[in-house]
Each structure stands twice: as C-alpha cells, then as structure tokens.
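Some notes on the structure that comes next.
The values are calculated or read from the model by the stated rules, or taken from the named source; none is laboratory data. Computed from a predicted structure; not experimentally measured. Cβ sites come from the backbone with ideal geometry, for glycine too, and all protein chains shown count toward neighbours. Heads up: the accessible areas ignore ligands, DNA and RNA and are worked out on the full protein's heavy atoms, side chains in. Shrake-Rupley method; radii C 1.70, N 1.55, O 1.52, S 1.80 Å.
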Amino acid sequence: SVGLLRAAHALLNDPVFAGRFSTVPKLVYFHYNHRIRPDSDSDKEFVRLLAAEIQVAGWIIGAPLKEMHALEGGNLEALLRRERYQALLDFVNRLKESPEGHGPIQAATAHHLGDQAETILHHIVRGTHLSGLTGISSIRDECIHRPWLALPPEEIRKYLAALGQGFREDASNADVTFTRNRIRHLVLPELLTINPRAREHIARLAGTAQFVDAELERSWSKREVETFTSNDLQRWLPLIGWQRADYHLHRCEDGRF
C-alpha cells in the first residue's frame, strides 16, 4: 500500500501524466486500523507521518474488531476483510455524496501477483467451484480497482528501496498457523523452485476462469427453469457455485435464472 501511494503521488505530480486531465485528480489515502495487533497504532502513526511528508490528505478509521470477533466468532481473517472493504465502500460513498462535488471517485488497493496466486491456491485447498478459480478481480463494486495484480511483490519492494522509502510489515503475516501464510511461505516458494513463473501461470488460469464463469452465468441466465434437467442441477449449476438445493433462489419472476 505504501508503494501504491508513492506511485500514485509520483504520477499525479508528473507534468506529462497530469497533463492528460483537464482537472488533475486529487489523491487521498484511506487507512483502516483493525486494532487487533499491539502495534496497530504504530502503523497508523507511520501512515499519518508519510502522508504529511508527501502532503496527501486522507482518513484513518478504526473499529473494535477484536470485541466484534469475540461476539460473532467465526473466521477472523474473513471478518477483517469484510469490515475493511465495507469501511472503504462507505468512505467512497461519503465522498460521492458530499456537497463539495468531488467528481468521479475511484479507490485502488495494492493487491499484487503474489496475492492473486495465494488466493487461488487457498480456494483450491479449501474446496471451490469454478468461481473460486477466478481469484481476485481487477475491479470490485465498480469503484475499487486493483491495478497491480500482475506485478510481482519483489518489484514493489525494489521500487520502495529505490525511493529510500520504508514501510511497515504486519508481523502476523509470518505466522504459519494461518492457512494463507502457510501457502505464502511454504507452498508458493516450493512451486517457484519448480517453475519461476508459477505465479504468472496461476494468474493466467484466473483470467481464463473469469471469462468462462461470466459466459456460463450469461448463458444459464437465459435458460427457462423447466428446461433444467437433473444432470444440469447436479453437475453444471454447482460448477458456477450454485448449490443444487439453492437453485430456486436464483429464479427470476419470468422463470429465468
């Protein structure tokens, strides 16, 4: 995220790039403090100081997610992801609805090639349908973009090193008791010894799966309910993630899916 902030700041301050716009876009940052780790407040302070140094305004939002998890239970990583994205969407929507008239509002996150490969492998190990092979989409909710999905994480680190820019590392990322971290630190490195382009190939599979999943969804949506055979319900609908017992939930009033 630090790399993305610095790259976006450099682009918007480049006369050639900025000259493409009648009004140069304004860059703001958004930091969500989970308040889970003991050093999360240090992360918040790091972001605040960096933003002040490069003169970028933004927002830091926090929530008592530890208490929320104690009440809700379930998977902690899923809770953090859900609340983080919801907070970002709320933030974008507030800007859109503000009376200042900001114009088009778009957000960007720094998910990279490693994240994409880890996500797909995680889905495969956990158990998934075709939709799970689609991985991380390049755009979410029509306003959250992931421009660096094809960029290896080591390239981001090289960029930051060239700038002399430090960054914060989440200490929990090294904890291999978490499935995703085990994939990152144990599985993916082994795959890279077999083929240095393993991450790129996994990401290419995601692109293929995204296309096929969209085409299947489009074609099935035109089918009349009465034309579905037992084989369709048992084999094809689960392929795109619709469990057989739930297929009626996707039925439209006109009888199509």
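Give the calculated FRET efficiency between Thr179 and Ala10 to the nearest 0.05, with a Förster radius of 30 Å applied to their Cβ-Cβ distance.
The computed FRET efficiency comes out at 0.25.
Quickly rank 122-128, 200-206 as a protection proxy: mean count of other C-beta atoms within 10 Å, highest first.
200-206, 122-128
When the solvent-accessible surface of protein heavy atoms is calculated with a 1.4 angstrom probe, in what order do Glu45, Glu72, Glu142 fall, highest first?
Glu142, Glu72, Glu45
What ³J(HN,Hα) values, in whole Hz, does the Karplus curve 6.51 cos²θ - 1.76 cosθ + 1.60 give for the stretch 67-74 when θ = phi - 60°, with x put for Gly and Pro?
Values, residue by residue: 5, 5, 5, 4, 7, 7, x, x Hz.
Mind scanning Lys96/Lys158; Lys26/Lys66; Lys26/Lys158; Lys66/Lys96 and naming the pairs with a C-alpha gap bigger than 28 Å?
Lys96/Lys158; Lys26/Lys66; Lys66/Lys96
Report the local net charge at Gln106: Lys and Arg +1, Asp and Glu -1, summed over other residues whose C-beta lies under 14 Å from its C-beta.
+2
Report Trp148's accessible area, 1.4 Å probe, all protein chains in place, as a number in Å² to the nearest 10.
Its accessible surface works out to 40 Å², give or take rounding.
Could you please report the charge total around Gly3, scoring K, R as +1 and D, E as -1 over all other residues with beta-carbon less than 10 angstrom from its beta-carbon?
Around Gly3, the surrounding residues sum to +2.
Taking the Cα-to-Cβ direction at Val125 and at Arg197 and moving 7 Å from each Cα, how far apart do the two end points lie in nm?
The modelled label-to-label distance comes out at 2.5 nm.
HN-Hα J couplings of the stretch 200-205 from phi, Karplus 6.51/-1.76/1.60, θ = phi - 60°, integer Hz, Gly and Pro as x?
Values, residue by residue: 4, 5, 5, 5, 5, 4 Hz.
Obtain the nm distance between the two label points defined at Ala171 and Glu215 by a simple spin-label model: each point lies 7 Å from its Cα along the Cα-to-C-beta direction.
For Ala171 paired with Glu215, the spin-label model returns 5.0 nm.
Whose amide H sits under 5 Å from the amide H of Ala108, counting only residues 5 or more places off or on another chain, with H placed in the peptide plane?
His145
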